[in-house]
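To keep things clear, I will list the structure first and then write my remarks on it.
The values are calculated or read from the model by the stated rules, or taken from the named source; none is laboratory data. Note that this is a predicted model, so its numbers are computed, not measured. Because the Cβ atoms are built from the backbone with ideal geometry, glycine has one as well, and the counts that use them run over all protein chains shown.
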Amino acid sequence: MARTPLTREQSKQVTRERLVAAAARVFATRGYRRASVDEIAAEAGYTIGALYSNFAGKEEVLLAYLEQQLQGIAERLLAATQTVESPVEKLRAAALEWMAFLDQEPELYALMIEFWTIWVRDGEARPRHAERFAAVRRFIGGLIHEKADEMGVPMKLPPDQIGAAVVALGDGLALQHLADPDAVPPDLFPFLLTTLVRALEAPAR
């Protein structure tokens, strides 16, 4: 049976997906700084013109890849929380899943940090990328506030600030764990996260 030809939009989507997948392989072996658009296009089996007809450049390809991966990480963390009942156990489950991700995908996290060190120095790009981080903080802080409200427990800080504290804790431990896994055992983050959230509970009136 003959295959139904792809529409122009479907063909463009396939090309983008192949370029992003190729970029992931190139970034994993070369890093973001050393990788070139020529290498990415060649790895995907396309010309450099095909890449530029789908992406503005290397940064845009990386952002497409990171957004794809961040969505997957968020889904992993949320899925982990569905396996337990209490809010404290949900926090522990999510924290353990984060540590499992670091062990399984160390190159991906290293790539995220490499890109962060680049754009944070870019005065023009920084506001755009800072908003992406703000969305992550709001999401995490919002989840914690939501569970606290369900329990009737008020929080001392607004969601975005709680999200900032949790992200800072998770990222700080991640960097140390990747440098020296024995220094940050998998159960340290769950312990510190639940301790932090309890400390943020406002005293009962």
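Annotations for the structure displayed:
- Scanning the stretch 64-80 for residues that are buried (at least 18 other Cβ atoms within 10 Å of the Cβ) and either over 29 Å from Gly31 (Cα atoms) or aromatic (Phe, Trp, Tyr) (or both) returns Tyr65, Ala80.
- Yes/no for Glu131 being over 11 Å from the mean Cα position of the chain (by Cα), over 16 Å from Ala21 (Cα atoms) and surrounded by fewer than 17 Cβ atoms within 10 Å (Cβ to Cβ): yes
- Checking each residue in the stretch 117-131 for being modelled with pLDDT under 85 and within 15 Å of Gln161 (Cα to Cα) picks out no residue at all.
- Residue identified as within 18 Å of Ala110 (Cα to Cα) and over 16 Å from the mean Cα position of the chain (by Cα) among Pro185, Pro190, Pro159, Pro181: Pro181
- Residue list for the stretch 165-199, restricted to those being of a type in the set (A, V, I, L, M, F, W, C), closer than 20 Å to Lys90 by Cα and crowded, with 19+ Cβ neighbours inside 10 Å: Ala165, Val166, Leu173, Ala174, Phe189, Leu193, Val197
- Some residue of the stretch 102-110 being under 17 Å from the mean Cα position of the chain (by Cα) and of a type in the set (Ser, Thr, Tyr): yes
- Verdict on Glu43 being assigned to a helix (DSSP H, G or I) and within 19 Å of Phe133 (Cβ to Cβ): no
- Single match in Glu97, Glu114, Glu107 (criterion: in contact (Cβ under 8 Å) with a residue 12 or more places away in the chain, acidic (Asp, Glu) and crowded, with 17+ Cβ neighbours inside 10 Å): Glu97
- Within the stretch 39-65, the set of residues being more than 17 Å from Lys12 (Cα to Cα), of a type in the set (D, E, K, R) and modelled with pLDDT under 95 comprises Lys58, Glu59.
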